[in-house]
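Taking it in order: structure first as structure tokens, then the write-up.
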Amino acid sequence: MKIKIFILSFFTFFRAFAHDLPSHPRILLLKNEENAITKNIKNDQNWAKLNQVIIDESNKIISLPTLERIQIGRRLLDKSRECLRRVFFLSYSYRITRDKKYLERAETELLKVSQFSDWNPSHFLDVAEMTMGVSIGYDWLYDDLSATSKEIIKEAIIKKGIEPSLDKKYNSWLKASHNWNQVCNAGITYGALAIYEENPSLAQQIIDRAIESIKLPMEDYKPEGAYPEGYSYWGYGTSFNVMFLDAIQRVLKTDFGLSETPGFLKTAGYMQNMVGSSGKNFNYSDAGNGSGLSPAMFWFADKTQNSSLLFTEKQYLQGKDKSMHRDRLLPATMIWGKSISLEKVTEPKEMIWVGQGKNPVAMIRTSWSKPDAIYIGLKGGSPSVNHGHMDVGSFVMDANGERWSMDFGMQEYESLESKGVKLWGLTQDSERWQVYRYNNLAHSTLAFDNEFQKVEGYATINRSSKKPNFLSAISDISAVYKGKATSVNRGVAIINKKYVLVKDEITAAENETTIRWAMLTPAEVKINKDGSAELTQNGKKLQLKVNNPSNVTLKTWSTQGLHDYDAPNTGTTLVGFEFKIAANSNNSLEVLLIPEENKVISKTKILPLKDWK
């Protein structure tokens, strides 16, 4: 045992001194690398505009009171995130302008949070983000901070950031495969890089540990890059993963092959395709419905030399994203984009993106640039993934700049936790599924006898088509309806670039059952005499028409949950129909979603799913 310990210690010692670490600043942006950013600002008005956003926001930060240690429920996270935002912005502004007002304000903020009693290790995301923010400030401003300030800040990084990460009470995230692993490893590694020369053995221990641990969530990008936790948590977990990779690459001259993990470099395609023509994202699982600039996309574009990944990001820079000043990682965009000319960004060519993995998805569109483009996203996967909902088979749909089939996404966690809801269980009987937004009765998918989907079920995207006039994807969602049906397959298609088809083929189990087909929409719904429904929002219209079976009657359902803790869900409606199917019978459901400018013949012939080539 002593020999083994000695070998491990020697290995750590050797790695610690095997690299000639650059002096401060060493995290993300080395000394004098500001020159490349300054050159980019002068040559491209898009970069000049973003630089000015950061400078203007830094000027606003100067007038704000310093942060106080005020915890909300179990979280200090909003303070940690604001610390990271303030320090990153101010430190960037100082390095670009050399105006000491930014240095002085950053130093004041750093000292204030360094003297908090702790950074709330019981909810370790709080520690991780605080450590990252303080470490960037300490590293970037190192040459100009007072000796007293440096000592206080360094001690805080070690005592309030790094050391709690060694305590088994707080570091279960080391074995997690979700965003906690990515964020916490990144944050604590920034701490280790910042204080490396002060305690090299401790710093190298942290870095070595992170390099091994972060492999767990990076495995989840296999095979095509679909991120299991959805859009919002891609923006969280993947962004911090990239912050980690870029930092160790710059300091150690290698990322130890981590960026070559199968699927990881492809995940930028997933993120780009997750935003529909309405500007809203495919917000399954615990996600919000907005979209905006993602700094990490610039890292991927630079790493893969694929400028088309920035097609949407360029639009955000040109004014589509009015809130990017709130992104605490925004200055990283200037770093990762410093060698990118946005004038050379090209439009993506592919109109369909399919990814398998823990939560398979397919996203289909008719155009990247036309504002009236049709977009549809189909979700497979399982409710059992981290932050998952009972949303297997659900879809979102855009046309004419509006979202017609929607997803509620998350309900704010504190609104549920503060009322005693046990939110994080993922078994079939967990209280999580009683939250209205989280079960399949609130999604654009199927229900059998109004029962919940099976948590242990899993669905792949079985087939897809890139044919321009029949862009389509099919998912076998049978497993989440086990006991109610022996086979359930859902296909979605955009036909002739004019309308959407949602087709379900169902083989019933041994008992009669009632199927509910439902679509969640923010539109006003009017049921017409001909049996179709007219959906209206913002002066635009969409027709919902049941092609098969012919004997159903469309209806609407309220979206108000049953509990006082449920969100009100105002301005939304469920529209669809119920249909009884006989035991052991084969059934086909066909629903058309037709934008107002298009016409479909009265009885459209639809091919069975097996013939969707």
- Out of all the residues in segment 395-406, is one or more assigned to a loop (DSSP other than H, G, I, E, B) and closer than 21 Å to Tyr481 by Cβ? no
- Subset of segment 268-317 [assigned to a helix (DSSP H, G or I) and of a type in the set (Gly, Ala, Ser)]: Ala268, Gly269, Ala296, Ala301, Ser307, Ser308
- Query: Could we say that Val525 is under 36 Å from the mean Cα position of the chain (by Cα), open to solvent by less than 30 Å² (accessible area, probe 1.4 Å) and within 23 Å of Asp372 (Cα to Cα) here?
  - Reply: no
- Can we say Tyr221 is buried (at least 20 other Cβ atoms within 10 Å of the Cβ), under 19 Å from Val127 (Cα atoms), under 25 Å from the mean Cα position of the chain (by Cα) and hydroxyl-bearing (Ser, Thr, Tyr)? no
- Task: Would you be able to say whether some residue in segment 395-408 is hydroxyl-bearing (Ser, Thr, Tyr), crowded, with 20+ Cβ neighbours inside 10 Å, more than 18 Å from the chain's Cα centre (by Cα) and within 22 Å of Thr570 (Cβ to Cβ)?
- Result: yes
- Residues satisfying the stated conditions in segment 298-338, i.e. under 15 Å from Gln52 (Cα atoms), among the aliphatic types (A, V, I, L, M) and at pLDDT 95 or above: Leu330, Ala332, Met334, Ile335
- Filter the helices (runs of 4 or more DSSP H) completely within segment 1-110 down to those with at least 2 residues that are modelled with pLDDT of 95 or more and under 24 Å from Asn199 (Cα atoms). 77-97
- Can you tell me which of Leu592, Leu554 is touching a Leu at 6+ places or on another chain (Cβ under 9 Å), without any contact (Cβ under 8 Å) to a residue 60 or more places away in the chain, buried (at least 17 other Cβ atoms within 10 Å of the Cβ) and within 24 Å of Ile506 (Cβ to Cβ)? Leu554
- May I ask you to verify whether Ala147 is touching a Lys or Arg at 6+ places or on another chain (Cβ under 8 Å) and open to solvent by 30 Å² or more (accessible area, probe 1.4 Å)? no
- Pairs only if they're at least six apart or on different chains, beta carbon under 6 angstrom, first in segment 193-204 and within 14 Å of Arg26 (Cα to Cα), second among the charged types (D, E, K, R); list them, first residue then second. Ala194/Asp139; Ile195/Lys154
- Message: Of all residues being basic (Lys, Arg) and more than 25 Å from the chain's Cα centre (by Cα) in segment 49-81, which is least open to solvent (accessible area, probe 1.4 Å)? Just the residue, please.
- Response: Arg69
- Item | Exclusive hit being under 20 Å from Met297 (Cα atoms) and among the charged types (D, E, K, R), set Lys370, Lys338 | Lys338
- Note on the structure: Residues of segment 232-260 being of a type in the set (Ser, Thr, Tyr) and open to solvent by less than 20 Å² (accessible area, probe 1.4 Å), in sequence order, are Tyr236, Thr238, Ser239, Ser259
- Message: Just to check your reading of the model, which residue among Ala203, Ala210 is under 28 Å from the mean Cα position of the chain (by Cα) and at pLDDT 95 or above?
- Response: Ala210
- Residue within segment 350-360 that is in a helix (DSSP H, G or I) and buried (at least 21 other Cβ atoms within 10 Å of the Cβ) present: no
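Looking at segment 361-373, which of the residues that are assigned to a loop (DSSP other than H, G, I, E, B) and in contact with a Gly (Cβ under 9 Å, 6 or more places away or on another chain) is surrounded by the most Cβ atoms within 10 Å (Cβ to Cβ)?
Here is the first cut: in segment 361-373, the ones assigned to a loop (DSSP other than H, G, I, E, B) are 366-373.
Next, only the ones that are in contact with a Gly (Cβ under 9 Å, 6 or more places away or on another chain) stay: 371-373.
Working: Pro371: 10, Asp372: 15, Ala373: 20.
Per the stated criteria, the residue is Ala373.
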- Task: Note down all Cβ pairs under 7 Å where the first residue falls in segment 159-180 and is among the charged types (D, E, K, R), the second is in a loop (DSSP other than H, G, I, E, B), and they're at least six residues apart or on different chains.
- Result: Lys160/Asp118; Lys160/Trp119
- For segment 374-390, name all the residues that are within 22 Å of Leu471 (Cβ to Cβ) and assigned to a loop (DSSP other than H, G, I, E, B). Ile374, Gly380
- Query: In the list Ser232, Ser259, Ser239, Ser177, which residue meets the criterion of being outside any helix (DSSP H, G or I) and within 30 Å of Tyr375 (Cβ to Cβ)?
  - Reply: Ser177
- Listed by first then second residue, the pairs whose first member lies in segment 143-158 and is at pLDDT 95 or above, whose partner is in a helix (DSSP H, G or I) and of a type in the set (D, E, K, R), with beta carbons under 7 Å and at least 6 positions apart or on separate chains, are Leu145/Glu107; Ser149/Glu107
- Item | Residue check for Pro331: without any contact (Cβ under 8 Å) to a residue 60 or more places away in the chain and either among the hydroxyl-bearing types (Ser, Thr, Tyr) or in contact with a Phe, Trp or Tyr (Cβ under 8 Å, 6 or more places away or on another chain) (or both) | no
- Just give me the residues in segment 439-471 being more than 23 Å from Gln560 (Cα to Cα), in contact with a helix residue (DSSP H, G or I) (Cβ under 7 Å, 6 or more places away or on another chain) and outside any loop (DSSP other than H, G, I, E, B), in sequence order. Ala459
- Task: Just one of (1) under 16 Å from Leu245 (Cα atoms); (2) open to solvent by less than 20 Å² (accessible area, probe 1.4 Å); (3) part of a loop (DSSP other than H, G, I, E, B); (4) of a type outside the set (Lys, Arg) trips up Leu265, so point out which.
- Result: (2)
- In this structure, is Ser93 surrounded by fewer than 19 Cβ atoms within 10 Å (Cβ to Cβ) and small (Gly, Ala, Ser)? no
- Message: Looking only at segment 500-515, filter to residues that are more than 15 Å from Asn586 (Cβ to Cβ) and open to solvent by 20 Å² or more (accessible area, probe 1.4 Å); which one of those is nearest to the chain's Cα centre (by Cα)?
- Response: Thr514
- Would you pick out the residues in segment 372-414 that are of a type in the set (Ser, Thr, Tyr) and more than 17 Å from Val502 (Cβ to Cβ)? Ser382, Ser384, Tyr413
- Item | Hits in segment 143-188 (condition: among the hydroxyl-bearing types (Ser, Thr, Tyr) and over 28 Å from Arg98 (Cβ atoms)) | Ser165, Tyr170, Ser172, Ser177
- Query: Can you name every residue in segment 242-256 that is of a type outside the set (D, E, K, R), part of a helix (DSSP H, G or I) and either over 15 Å from Asp302 (Cβ atoms) or more than 19 Å from the chain's Cα centre (by Cα) (or both)?
  - Reply: Phe244, Ala247, Ile248, Gln249, Val251, Leu252
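The values are calculated or read from the model by the stated rules, or taken from the named source; none is laboratory data. Note that this is a predicted model, so its numbers are computed, not measured. We place every Cβ from the backbone using ideal geometry, glycine too, and count neighbours over all the protein chains shown. Accessible surface is based on the protein model in full, side chains and every heavy atom, while ligands, DNA and RNA are left aside. Shrake-Rupley method; radii C 1.70, N 1.55, O 1.52, S 1.80 Å.
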